[in-house]
Amino acid sequence: LAVDPAFKGRGIASKLVKWGTDRADGDGLPAYLESTPAAVGVYERLGFKVQRRLSV
Ligand SMILES: CC(C)(COP(=O)(O)OP(=O)(O)OC[C@H]1O[C@@H](n2cnc3c(N)ncnc32)[C@H](O)[C@@H]1OP(=O)(O)O)[C@@H](O)C(=O)NCCC(=O)NCCS
């Protein structure tokens, strides 16, 4: 997930993630993602919880 720097901080990433989690909820499906360390806070604000830390 990436937002053009000129448009950051306007809630675009939140809306995109919510679009996906709403669909998953509607279908009764679990959802997961893999995040860069810098973006973990964004996803935690949207309700995701860190389950594993990977070293790549
Ligand atoms: C991470 C990224 C997608 C966020 O996009 P965005 O449209 O600016 O995000 P939003 O405006 O929806 O912000 C969502 C919330 O997270 C916060 N937030 C934004 N970037 C954050 C960061 N790096 N760490 C923690 N919190 C962050 C915002 O303040 C906002 O909080 P609020 O709801 O209390 O106002 C964007 O900064 C980006 O493209 N980064 C570079 C690529 C990247 O790291 N992608 C993630 C790879 S998994």
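The values are calculated or read from the model by the stated rules, or taken from the named source; none is laboratory data. In this text, all values refer to a predicted model and were calculated from it rather than measured experimentally. Cβ coordinates were reconstructed from backbone atoms using ideal geometry, including for glycine residues, and neighbour counts include every protein chain displayed. Ligands, DNA and RNA are stripped out before the accessible areas are found, and what is left, the full protein with its side chains, is counted by its heavy atoms. Shrake-Rupley method; radii C 1.70, N 1.55, O 1.52, S 1.80 Å.
For segment 5-23, filtering for residues that are touching a residue at least 12 places away in the same chain (Cβ under 8 Å) and open to solvent by less than 100 Å² (accessible area, probe 1.4 Å) leaves 5. Would you check which residues across segment 12-40 are under 12 Å from the mean Cα position of the chain (by Cα) and not in a helix (DSSP H, G or I) and list them? The answer is 31, 32, 33, 34, 35, 36. Screening residue 28 with (1) modelled with pLDDT of 95 or more; (2) on the phi < 0 side of the Ramachandran plot gives one miss only, at (2). Mind listing whichever residues of segment 14-48 are near the ligand (Cβ under 9 Å from one of its atoms) and of a type in the set (Phe, Trp, Tyr)? The one that is near the ligand (Cβ under 9 Å from one of its atoms) and of a type in the set (Phe, Trp, Tyr): 43.
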